[in-house]
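The values are calculated or read from the model by the stated rules, or taken from the named source; none is laboratory data. As the structure is a prediction and not an experimental result, all values here were calculated from the model. Cβ placement follows ideal geometry from the backbone for every residue including glycine, while neighbour counts extend to all protein chains displayed. Ligands, DNA and RNA are excluded from the accessible area calculation, which covers all protein heavy atoms including side chains. Shrake-Rupley method; radii C 1.70, N 1.55, O 1.52, S 1.80 Å.
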Amino acid sequence: MNKYLDVVKRSLASLNWFETLLLVAILALSVISFIIKGEFSLNNTIAAVSAILGVFCVVLGAKGSIANWIFGIVEACLHIYICFVTHIYGDFLQRLLWNLPMQFYGWKNWRKRERKDKSTTIVTRYMSWNQRIYTVLAILIGTVCLGYFLKDFGPWLIGHLHEILPDMQFKTLKTDYDHPVQLWLDAFTTIISIITVYISTKAFVEQWFLWLIINITYICMWLMSDSDFSFMTVAKYSVYLINSFYGIWMWNKLSKK
């Protein structure tokens, strides 16, 4: 436990003014969210905490700091809950079955690439053109396949929950999406996130270009939702979007050191 705390302390101590500004921005947005909602509900609190931890995770990730995986574990758990109660099923499955386990895998892999200067940062690298082409093809094929799967998953899930708990009222769960396009956005972000998380564990710079696309798509998807989580989730991904540009710049530098 002490070694993990030491990594976190050293990582936070190395934050520069821009990274600190991103963290302050999401803290401010969390306060604004509570003021706008006018209530301190459990769901609002979970959304705010998830947003704060998520920004810590991506900011440290942009630095190439292995501490990002520690924050990522907790944030992944909170986001799984958020996706479940807002019936964003593709993202829910991706976070539960892939994103959460990969936090541990990423920590293990990055430890092998850690620099010897006690900075907690890693040595990054670029993909080959063949790897880039295979990545794009996997995203396109995976999106189409998952999209058709999700058309039936919502009704199947709700139906089985009613069979298991017939007296339970599932007020926050629906069998479909608020808007039809959300299904395909959910499929796309789920597949590209699965692939990008894997690329991230391998320390490839290209992950940040993919995160750029993912964050724009997530913002569009959550703007279509009218749930309690929408404001803070959109705010979180907006900060992620800014951080994506920073990640591209930083990881390019880290690949040359």
Notebook entry, point to check: Using beta carbons and a limit of 8 Å, which pairs, at least six apart or on different chains, have the first residue in segment 236-257 and more than 17 Å from ALA51 (Cβ to Cβ) and the second one crowded, with 18+ Cβ neighbours inside 10 Å and among the small types (Gly, Ala, Ser)?
Noted result: TYR246/ALA62; GLY247/GLY61; GLY247/ALA62; MET250/ALA62; MET250/GLY64; TRP251/ALA62; TRP251/GLY64; LEU254/GLY64
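Tally up the residues in segment 202-257 that are of a type in the set (Lys, Arg) and in contact with a Gly (Cβ under 8 Å, 6 or more places away or on another chain), please. Outline the logic, then answer.
Taking segment 202-257 as the starting set, the residues that turn out to be of a type in the set (Lys, Arg) are 202, 236, 253, 256-257.
Adding the requirement that they be in contact with a Gly (Cβ under 8 Å, 6 or more places away or on another chain) leaves 236.
The total comes to 1.
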Next item on the list: Answer with yes or no whether ASN109 is open to solvent by less than 50 Å² (accessible area, probe 1.4 Å), in a helix (DSSP H, G or I) and at pLDDT 90 or above.
Entry: yes
Next item on the list: Just give me the residues in segment 1-48 being over 28 Å from ILE66 (Cβ atoms), at pLDDT 75 or above and aliphatic (A, V, I, L, M), in sequence order.
Entry: ILE32, LEU42
Checklist line | Subset of segment 218-233 [open to solvent by 20 Å² or more (accessible area, probe 1.4 Å), more than 15 Å from ASN43 (Cβ to Cβ) and in a helix (DSSP H, G or I)] | finding: ILE219, CYS220, LEU223
Margin query: The conditions are (1) over 19 Å from ASN215 (Cβ atoms); (2) of a type in the set (Gly, Ala, Ser); (3) surrounded by 17 or more Cβ atoms within 10 Å (Cβ to Cβ), and SER41 fails exactly one of them. Which is it?
Written below: (3)
